[in-house]
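Take a look at the structure set out below.
We did not get these values from a lab; they are worked out from the coordinates using the rules stated. Just so it is clear, the model here is predicted, and its values are computed rather than measured. Note that each Cβ is placed from the backbone with ideal geometry, even for glycine, and that neighbours are counted across all protein chains shown.
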Amino acid sequence: MTDPADLPATDLLAGYRAKTLSPVEAVDAVLARIERWEPHINALYTRYAEDARAEAAASAERWRRGEPAGALDGVPLTVKENIETAGCPTPLGSAATDLTPAQANSPTADRIREAAGIIVGKTTMPDYGMSSSGLSSFHGTTRNPWNLARNPGGSSSGAGAAAAAGYGPIHYGTDIGGSIRLPAGWCGVVGFKPSFGRIPVVPPYLGRTIGPLTRTVADAALATSVAAVPDRRDHTAAPALATDWAAAVEPLALAGVRVGLMAEAGAGWPVEPAIGAAVADVAELLAALGARVAKVEPIMTDHMLAGLNDFWRARFWSELRTLPSSRSEKIAPYIHGWLAGADNLTGAAVFDGYSQFDAMSVAAERRLDAVDFLAMPTSPVAAWPVELTVPGDNPTLPFRHIGFTVPFNAGGHPAISMNCGWSADGTAIGVQFVGRRYDDVRLLRLAAAFERARPAQNPWPQPPVSP
């Protein structure tokens, strides 16, 4: 029998409905899995074991009566620590943060509660979410379950590690430049960034999106359907859209579907050969299923990459400059190195950096003019050593690995990362599919078609056996 900790949410709910499985059994299995894995990967900021068991018992009684309270009733899940939950401090991954308990739930936490999902814990992130690593001055080091010497990616680092390790089937993360899709790629799971505005974010910010990391496309669709409800606290949230999320689990018939293959990002790190080969295999598979695959030009330029770096540096410098030295000195040294010189940026330089987001958005939209979807590596590089913040660990060149992901934050396009192969050190390789803005369901259907047709996946990693 499959351990309930490894079951997707759709199977858990089917088991509850058929009375062959109880929410109590599922939550107990997930909590046991956490106990075994957590000393090795450090994916959680906080745990809610006692509350989760009580909620599971209440859920079990509702299912016994045939009266589930919502779409996630009894499903164990996690949320990233920057998705606020009432009463829990939000450290943003940094030891410099004032640990004041949140006064209210975020919109996503409210929707989870309304759907009767069970939050078993909150996952880790690096300082202020401004790196793609598991290194945090507050949380310590989060590791990749496939290879403990490698990074899980970030900034939804704990969510990626938790999904691969089996801390429940759904893990909500956030994404401003690739922070859902990158850890999904390196941890071998599904990471879905919906169209901008689909899921309300508080506070809202340019390109910031909430989305799920899961093991299956169906779970990604389910998790998104729960959270994709307008909320007046986010002035950028999309209005209520008539969306058939249930249809997202039906694989798309690919005959005649136009897919643009983007083999290089255009700026940043070149694509490693093993990654390029894995994504080329994906393109061949899609073509064999009837898709019309053609190469498209890269989006990114060096000027875009430098501009977004200047804009993000200016933004964070403006937020952190008022911190007393007793607190700012606690920020990760890499962040200090990254911010060096940000106080000397001119207004013109900052505005030019901001304008690069528009340039990326326009370029991304043009790539989709002649195709239905784009396919590309999630990242040009494999997971790097866990002790490094970014590949090369150079804070003056921090974003050379996000050239495939950040354009679709700028453009607001839906994008999904899925496993498509393995690197020499045993960590995962991700392929990213991108759709037109608000065409989320059709993108998920493309992902479902790939999921059904791709080669069998490696067995999920198991925690080390204690001596």
**OP:** Quick one: which residue in 100, 141 is over 24 Å from residue 33 (Cα atoms) and over 14 Å from the mean Cα position of the chain (by Cα)?
**Re:** 100
Subject >> Selection count, region 384-411, where residues are in contact (Cβ under 8 Å) with a residue 12 or more places away in the chain and over 15 Å from the mean Cα position of the chain (by Cα) >> reply: 19
Original post:
Of the conditions (1) touching a residue at least 60 places away in the same chain (Cβ under 8 Å); (2) assigned to a loop (DSSP other than H, G, I, E, B); (3) closer than 27 Å to residue 221 by Cβ; (4) in contact with a Pro (Cβ under 9 Å, 6 or more places away or on another chain), residue 93 fails just one. Which one is it?
Top reply: (3)
Original post:
Within region 295-315, is even one residue under 26 Å from residue 379 (Cβ atoms), touching a Ser or Thr at 6+ places or on another chain (Cβ under 7 Å) and either among the β-branched types (Val, Ile, Thr) or surrounded by fewer than 16 Cβ atoms within 10 Å (Cβ to Cβ) (or both)?
Top reply: no
**OP:** May I ask you to list pairs of residues, at least six apart or on different chains, whose Cβ atoms are under 8 Å apart, with the first in region 446-459 being closer than 14 Å to residue 429 by Cα and the second being among the β-branched types (Val, Ile, Thr)?
**Re:** 454/282
Original post:
Just wondering, is there one or more residues in region 262-283 that are surrounded by 19 or more Cβ atoms within 10 Å (Cβ to Cβ) and farther than 17 Å from residue 430 by Cβ?
Top reply: no
Original post:
Quick check: is even one residue across region 317-331 assigned to a loop (DSSP other than H, G, I, E, B), touching a strand residue (DSSP E or B) at 6+ places or on another chain (Cβ under 9 Å) and either over 30 Å from residue 440 (Cβ atoms) or without any contact (Cβ under 8 Å) to a residue 12 or more places away in the chain (or both)?
Top reply: no
**OP:** Sort out for me the strands (runs of 3 or more DSSP E) sitting completely within region 197-298 that have 2 or more residues that are within 20 Å of the chain's Cα centre (by Cα).
**Re:** 209-214
**OP:** For region 364-412, enumerate the residues that are surrounded by fewer than 20 Cβ atoms within 10 Å (Cβ to Cβ), under 27 Å from residue 291 (Cα atoms) and among the small types (Gly, Ala, Ser).
**Re:** 370
Original post:
Filter region 332-342 for residues that are aliphatic (A, V, I, L, M) and without any contact (Cβ under 8 Å) to a residue 40 or more places away in the chain; which is farthest from residue 392 (Cα to Cα)?
Top reply: 342
**OP:** Collect the residues in region 310-366 that are under 20 Å from residue 135 (Cβ atoms) and in contact with a helix residue (DSSP H, G or I) (Cβ under 7 Å, 6 or more places away or on another chain), keeping them in residue-number order.
**Re:** 313, 316, 320, 328, 331, 332, 335, 338, 339
Original post:
Among the residues of region 49-87, how many are buried (at least 20 other Cβ atoms within 10 Å of the Cβ) and not in a helix (DSSP H, G or I)?
Top reply: 14
